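Below you'll find the structure, written out as structure tokens, and then a few comments.
The values are calculated or read from the model by the stated rules, or taken from the named source; none is laboratory data. All values derive from a computational prediction rather than experimental measurement. We place every Cβ from the backbone using ideal geometry, glycine too, and count neighbours over all the protein chains shown.
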């Protein structure tokens, strides 16, 4: 990547983020509208309002409480030569792919931890409570979960000395891929199987949103599919077949997960959405 392009991306970070988000959202929303994998059973207006409002609230929370965020930490570390990659003085051609790979592994590991630590699962179940999957589910996360996730990412960026460019590119790709692999579309079988050799596809990730714990505790990847294969958390398909797959959480089968205030309060409600100590049989 040329220095001019890098300077442009970093100098227009907010505009670049918004442009890529808007473009990806528009394309994916149009695609699933034209050729949906499943016909919606719920009001799209209610679901989309809740999911988009959660995303907007999370963005504001991070901006006001962590004004530096991961990009700011990367700029700080680079200016001071702090962190592994900065200390090693690796050229961009090496540090950029290593940084993107390391951050993707971090997100995979963090996702698995959020499933297995009860307190963190209370936050993450907001994402899984969505009774249907579409492009907006990819940005449906509780604001507190986004805050925790950003704090972890900031620590990793500082420790590894990840460059501002790598952080920006990773966050753009992660956001677009999260929307892609939640999109309510079905790829041609051969195309889907070829793609999932490298990246997480909608069908691969759809299994992760099964109501069954032994299925939604698998396929944790967002970008690269290699981590699930490498660490033994890959599941090729649901037990009842993709057509018989039930989405969401059994504890919340009604309309409540489509309501904003109910969803914001979900992590603080008594009880859990699953038996935390036992997997479904």
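Remarks
- Looking across segment 209-232, the residues that are farther than 20 Å from residue 28 by Cα and in contact with a helix residue (DSSP H, G or I) (Cβ under 7 Å, 6 or more places away or on another chain) come down to 210, 215, 216, 217, 218, 219, 220, 225, 227.
- Selection status of residue 42, touching a strand residue (DSSP E or B) at 6+ places or on another chain (Cβ under 9 Å) and either within 30 Å of residue 244 (Cβ to Cβ) or in a helix (DSSP H, G or I) (or both): no
- Taking the criterion of being surrounded by 12 or more Cβ atoms within 10 Å (Cβ to Cβ) and either free of Cβ contacts under 8 Å to residues at least 24 places away in the same chain or at positive phi (or both), the only residue of segment 60-71 that qualifies is 69.
- Scan of segment 130-140 for residues that are surrounded by fewer than 22 Cβ atoms within 10 Å (Cβ to Cβ) and in contact with a helix residue (DSSP H, G or I) (Cβ under 6 Å, 6 or more places away or on another chain), ordered by number: 139
- In segment 37-55, the residue that is nearest to residue 145 (Cα to Cα) out of those that are surrounded by fewer than 16 Cβ atoms within 10 Å (Cβ to Cβ) and at pLDDT below 95 is 46.
- Answer from 18, 100 - the residue that is surrounded by fewer than 16 Cβ atoms within 10 Å (Cβ to Cβ) and either touching a helix residue (DSSP H, G or I) at 6+ places or on another chain (Cβ under 8 Å) or part of a helix (DSSP H, G or I) (or both): 18
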